[in-house]
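The values are calculated or read from the model by the stated rules, or taken from the named source; none is laboratory data. Computed from a predicted model, the values in this text were never measured in an experiment. We place every Cβ from the backbone using ideal geometry, glycine too, and count neighbours over all the protein chains shown.
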Amino acid sequence: MDALTAGPAPAPRNQVIVGTTFASIAMVMLTGGMLAVWAVQRRSVLDSGESWLPSSVTIPEVPTNVMLIAFPALCSFAQWAVWAAKRDDRANTVFALGSTAFVALLIVNAQAFVYTQMDVGVADGAYGSMFYAITGAFLALMVAGLLFTTVTAFRYLGGRTGDRELLTAHAIFWYAMLAVFTAIWFLVYVTK
Amino acid sequence: MTTIDSSPDANLDSPVGRLLAAVVDWLTSTDHKKIGRLFIGASLISLLGTIVVNLVISIERIDGAAAGFDVDAWTQLLGSQRVGLVFGTALPLTAGLAIAVVPMQLGARSLAFARLAATGMYMWLGGFVLSVFALANNGGIGGGNADMVGLFLAAHGLMALGFIAVGASLATTVLTTRAPGMTMRRVPYFSFSALVYGIGLVLVMPVLFGALIYLFVDHRSGDRSAFGGNEGIATWAGWIFTQPTTFLFAIPALGVFAELLGPTFRKRTPARGVVFAGFSLVGVSALAATTQQLRFDVPWRGSLLYIGDGEDFTNKLGDVLPWATFHLVPVLGATILFLMMAFVAKPEKNADGVTIKPKITAGFLFAFFGFGMVLVGMLGAAMEPIVDLRLAGTVFGEASLVYVAYGTALAVMGGIINWAPKLWGKELELKKAAPLALLGVGGVVLASFPHYVAGFLDQPGGLAYADNDLAIWNILVLAGHGLMALTVLGFIGLVAATVFGDDDDAIDDPFDGHTIEWATTSPAPAGNFVDVPTISSAEPMLDLKSANTTGSAS
């Protein structure tokens, strides 16, 4: 019997980009699901005539707004790394990745500042436990993003300058995080 | 001077050393066939454990008045049943088979992110073991041991993360590692079903993980006012254990059935896009999970289907639409597959005027029965939310879950039998496996259908009931679970006998397969293919055989 014709070895087809896109979808579903429960619980408390936000708690708007503003900057830096890598501009790529990590750290720091300013305990009713659950999940995603940036930077510094797919995937991750935080900012910090 | 120490090989001289090396090789392997087989092996054991739980529940239900367990024990027992059927049976079996087979079907040398998939498998295994430990210590849904309830939630979070990893790996594999010439329309049915399943896992499991984070924080550190502590688990995360979410986990089982239609009836399956649409329609059940609703009730309010004025119409439409979307659309998807089977099974004559006879294999028997059971479970699940039937809170819902989970298990066993030559190089004989398929379908029907009847007779969903006339249905259910236990034990024994036996290796293409995994050797080598074949149709092996037949004739 004849055999099937052998073809050329399949070229890699953006595997890291596709995988990161699925990871990003998972992040959006995680946050979307949590925010949906947040909205349901908030509506339930408000319908019962009580206040959702404990009266002693004030949301510090400056750091939360700064976090929101920082995200587009962070995404710009991640995209800058992609742009520079396409031009084989090693210095700009590394600087852009460093800037991405720096801004991500600033956002983590701002979230920690929000915790200290709000002075709400995890056991302070429904609001307390849900607030820490959703912002804690966000912080965990930020840490994952920082690790992603670090790995990307080290691979690039290690000489894999042709690995632009990873840089694009890295940018996709941070775009998804922008969407995630924008939704959290609106429901948790603005709508309150 | 050398700085390389090559001593590890020295241990391979002893039997213990060789055994350890083999174990380590298996446990750390990135070969998708090994990862998939580990997944399947662990899943079959957890399936057996689930059947044992079902047997205990059934024994307890023989006498509805006598309670052999205290309230904590039976609460955890019923919770164990749900956990076992979903996280111990349907999910890992389908994931394992998909991981083992999909790359071979695509002409890929490996699974995308194989280490991620292996990690996902271990996360599932660890999470499942921990959840069993928590359940055994009164820590499940409504459990009285606070630490164990926390462990139960964390264990499910671990499993959810594991299945996200598996889903992303499978979906990425289908999208990025196909052989040259294999367009999406030419993807084998089973692989397409794995794509829908993988995307569904990526959509559903993060939502479950989010709910579990809330529950864990509220239960562990919060004041338990938001989610109700241990009692809130059923309300806020119970949807993962109920229909229609569970349909999503059965999609690869439907894929096995669709995959085997062509080779069984020895013809091409027409209208591939329609079959793909069927899988996708079943995948709509994933959207039910993202709504985090336990039920999609259709309250007709005793109106006997009467539709009144505009407001009444609007209200009823609002009730019916979510139910129809999440229950009827998946049923429509499965019905498409059934109609496709009826179409393909229609007898035809070949060029010589001889009627083409189907080639029934043990794999097809299992897959056919499994598909049928899943479809009956879906139909039952669609009936349960109709409030006027008063099925909510009865054993009817449990029966539809058993139908879907056991049906999925049967179909996956069919897949294991079908691809056994590629996975470990042996063929499971029809005369040995076919009786198991019949035993299995008998077991599933007996384990489920009597509870459909008992549901209409108002047997409540717990362990106790007042009407002694219901005992007969529960005895039948006990017999059904017993038959299912025998089926799974027999299947494991049959597989073990071929794996460890000295039968001759199977030939490369024992079932006249249509897809390219049958072009490689049995068993498939580590990279699946020596040379990656080029694909020019959805049934490349059938094309090749037709060309060879024509060539021989001329």
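Assorted remarks:
- Reported count of residues in region B:455-484, each being without any contact (Cβ under 8 Å) to a residue 60 or more places away in the chain and among the acidic types (Asp, Glu), is 1.
- All of B:362, B:342 fail the test of being more than 14 Å from chain A (Cβ to nearest Cβ), of a type in the set (Gly, Ala, Ser) and surrounded by fewer than 12 Cβ atoms within 10 Å (Cβ to Cβ), apart from B:342.
- Of all the criteria given as (1) touching a residue at least 12 places away in the same chain (Cβ under 8 Å); (2) at the interface with chain A (Cβ under 7 Å from one of its Cβ atoms); (3) touching a Ser or Thr at 6+ places or on another chain (Cβ under 9 Å), the one not satisfied by residue B:213 is (3).
- For residue B:128: the one exception among (1) over 16 Å from residue A:22 (Cα atoms); (2) of a type outside the set (Asp, Glu); (3) within 11 Å of chain A (Cβ to nearest Cβ): (3)
- Restricting B:107, B:79, B:140 to residues that are more than 22 Å from residue B:208 (Cα to Cα) and either among the β-branched types (Val, Ile, Thr) or at pLDDT below 95 (or both) narrows the list to B:107.
- Extreme residue, surrounded by the most Cβ atoms within 10 Å (Cβ to Cβ), among residues of region B:172-199 that are within 11 Å of another protein chain (Cβ to nearest Cβ) and assigned to a helix (DSSP H, G or I): B:173
- Qualifying residue in region A:38-52 (condition: buried (at least 21 other Cβ atoms within 10 Å of the Cβ), within 14 Å of chain B (Cβ to nearest Cβ) and touching a helix residue (DSSP H, G or I) at 6+ places or on another chain (Cβ under 7 Å)): yes
- Inside region B:516-554, residues that are in contact with a Lys or Arg (Cβ under 8 Å, 6 or more places away or on another chain), within 9 Å of chain A (Cβ to nearest Cβ) and modelled with pLDDT of 85 or more make up a count of 2.
- Residues of region B:133-149 that turn out to be assigned to a helix (DSSP H, G or I) and either within 14 Å of residue B:237 (Cα to Cα) or among the acidic types (Asp, Glu) (or both), as a count: 2
- Residue check for residue B:53: more than 30 Å from residue B:518 (Cα to Cα) and part of a helix (DSSP H, G or I): yes
- Only one of the listed residues (B:129, B:83, B:149) is over 26 Å from residue B:422 (Cα atoms) and surrounded by fewer than 24 Cβ atoms within 10 Å (Cβ to Cβ). That residue is B:129.
- Residue B:171 being under 29 Å from residue B:375 (Cα atoms) and aliphatic (A, V, I, L, M): yes
- If you go through region B:86-102 and keep only what is crowded, with 24+ Cβ neighbours inside 10 Å and among the β-branched types (Val, Ile, Thr), you end up with B:89, B:94, B:99, B:101, B:102.
- Filtered residues of region B:153-169 (kept if within 10 Å of another protein chain (Cβ to nearest Cβ) and closer than 17 Å to residue B:103 by Cβ): B:165, B:167, B:168, B:169
- Residue check: residue B:144 meets all listed conditions (1) within 14 Å of chain A (Cβ to nearest Cβ); (2) farther than 23 Å from residue B:254 by Cβ; (3) surrounded by fewer than 19 Cβ atoms within 10 Å (Cβ to Cβ) but one, namely (1).
- Selection count where residues are over 13 Å from the mean Cα position of the chain (by Cα) and not polar (S, T, N, Q), scope region A:135-161: 9
- Checking each residue in region B:228-250 for being without any contact (Cβ under 8 Å) to a residue 60 or more places away in the chain and outside any helix (DSSP H, G or I) picks out only B:228.
- Looking across region A:24-37 at every residue that is at the interface with chain B (Cβ under 8 Å from one of its Cβ atoms) and more than 12 Å from the chain's Cα centre (by Cα), the one that is nearest to residue B:165 (Cα to Cα) is identified as A:29.
- Taken together, B:268, B:224 contain a single residue that is without any contact (Cβ under 8 Å) to a residue 12 or more places away in the chain and either more than 8 Å from chain A (Cβ to nearest Cβ) or not in a helix (DSSP H, G or I) (or both), which is B:224.
- Residue count for region B:99-122, restricted to those that are within 14 Å of another protein chain (Cβ to nearest Cβ), of a type outside the set (Lys, Arg) and not in a loop (DSSP other than H, G, I, E, B): 9
- All of (1) buried (at least 20 other Cβ atoms within 10 Å of the Cβ); (2) part of a loop (DSSP other than H, G, I, E, B); (3) aliphatic (A, V, I, L, M) hold for residue B:253 with one exception: (2).
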